[in-house]
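The values are calculated or read from the model by the stated rules, or taken from the named source; none is laboratory data. A quick note: this is a predicted structure, and the numbers were derived from the prediction, not measured. Glycine also receives a Cβ, built like all others from the backbone with ideal geometry; neighbour counts cover every protein chain displayed.
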Amino acid sequence: MGNRKGNPSSSAMQSPQAQSTPAMGMGEELPSLNFDTYQQESVAALDKNKNEALQRLQSANAKDNTASTQKDLAEFWEKEKNLNMAAWHYKKAAFFGKYRKKHHLCRQSLSGGDAKKTEKPEWRVWQAKEAIGCFNKTLQFNPENVDVKIALATCYTEGTGETMKGVTLLRDITSKDSTNIAANVILGKLAIQSGQFDKAIKRLELVLSLQAKNTEALYFLAEAYKGQGNKGKAIELFEKCKKMVNNPDFTKEIDQYINSFK
């Protein structure tokens with residue numbers, strides 16, 4: 001979801017081009033992923049000893065499929081740095097209802113791990129769909145968990161293309177807490193993508209009135225003014241954002257971006 005606290009890492013603040021890329025459109029056909037094929041490829045990539053270790057874990061799970069045996073498989077893949085496979089098994093473990101803490105690991109792996117690294121749309125969609133299952137399960141335990149609702153909304157808007165489902169969740173949050181930072185930032189971003197620049201500016205200026213150093217809100221506010229045609233204000237805000245982030249790579253990206261629309 002990126003950093004909502006105002007002190008982003010270099011990974012949190014992507015290039016301007018990446019930040020302004022529209023989310024998958026409503027009704028857009030989703031790419032498909034053959035998870036069985038991926039699973040087979042993951043196993044095939046293991047060396048002999050690790051393959052034998054995996055077979056022992058799989059045999060134990062086949063005899064007695066429990067949260068514990070699924071957790072063992074998840075931890076095996078986590079050690080192999082395969083977060084997709086790990087999350088798949090953490091999800092199965094969590095759904096037994098006894099390992100609520102594993103919901104966090106499942107969600108983190110799917111919505112904050114490889115999902116941020118892959119450029120393959122079919123993977124992003126798969127990860128989002130799997131994470132949605134984890135988030136919904138968590139909401140059964142705590143229906144008013146705002147952080148989970150925001151993350152769930154992000155999966156809909158940026159993963160599966162079900163934008164209105166995400167917007168509905170976010171608006172429900174802001175109807176109860178109009179000052180929620182994360183919800184307003186995401187709604188502001190979505191407003192930019194749909195060309196509703198006035199609404200975006202209103203939301204993002206609210207965020208900055210509450211959290212002046214929120215560089216994500218500052219960046220998107222600049223985008224909103226650019227969308228309105230107010231290039232001077234946009235450049236002013238981009239320059240301010242650049243100074244706050246203070247990262248050479250980001251500075252270079254911003255300078256190139258500004259020169260592209262001056």
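Somewhere in region 124-136, is a residue surrounded by fewer than 20 Cβ atoms within 10 Å (Cβ to Cβ), more than 14 Å from the chain's Cα centre (by Cα) and within 18 Å of residue 175 (Cβ to Cβ)?
Checking region 124-136: not a single residue is surrounded by fewer than 20 Cβ atoms within 10 Å (Cβ to Cβ), more than 14 Å from the chain's Cα centre (by Cα) and within 18 Å of residue 175 (Cβ to Cβ).
Does region 146-169 contain at least one residue that is part of a helix (DSSP H, G or I), under 13 Å from the mean Cα position of the chain (by Cα) and of a type in the set (Asp, Glu)?
Scanning region 146-169, I find at least one residue that is part of a helix (DSSP H, G or I), under 13 Å from the mean Cα position of the chain (by Cα) and of a type in the set (Asp, Glu), so the answer is yes.
Quick one: in region 200-241, of everything that is among the basic types (Lys, Arg) and either under 15 Å from residue 261 (Cα atoms) or within 23 Å of the chain's Cα centre (by Cα) (or both), which residue is surrounded by the fewest Cβ atoms within 10 Å (Cβ to Cβ)?
Ranking the candidates gives 213 first.
From (1) surrounded by 15 or more Cβ atoms within 10 Å (Cβ to Cβ); (2) of a type in the set (Val, Ile, Thr); (3) out of contact with any helix residue (DSSP H, G or I) (no Cβ under 6 Å at 6 or more places or on another chain), pick out the condition that doesn't hold for residue 148.
(3)
Find all pairs meeting these conditions: Cβ atoms under 7 angstrom apart; at least six residues apart or on different chains; first residue within region 136-165 and farther than 19 Å from residue 177 by Cα and basic (Lys, Arg); second residue assigned to a helix (DSSP H, G or I) and modelled with pLDDT under 90.
Close Cβ pairs satisfying both conditions: 137/94; 137/103.
Conditions tested, residue by residue: (1) surrounded by fewer than 17 Cβ atoms within 10 Å (Cβ to Cβ); (2) out of contact with any Asp or Glu (no Cβ under 6 Å at 6 or more places or on another chain); (3) free of Cβ contacts under 8 Å to residues at least 12 places away in the same chain.
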| position | (1), (2), (3) |
| --- | --- |
| 51 | yes, yes, yes |
| 55 | yes, yes, yes |
| 63 | yes, yes, yes |
| 66 | yes, yes, no |
| 79 | yes, yes, yes |
| 83 | no, no, no |
| 89 | no, yes, no |
| 93 | no, yes, no |
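Quick one: how many residues across region 117-143 are of a type in the set (Asp, Glu) and either modelled with pLDDT of 90 or more or not in a loop (DSSP other than H, G, I, E, B) (or both)?
So the answer is 2.
Count, please, the residues in region 188-206 that happen to be out of contact with any Asp or Glu (no Cβ under 8 Å at 6 or more places or on another chain) and among the β-branched types (Val, Ile, Thr).
Adding up the residues that qualify gives 1.
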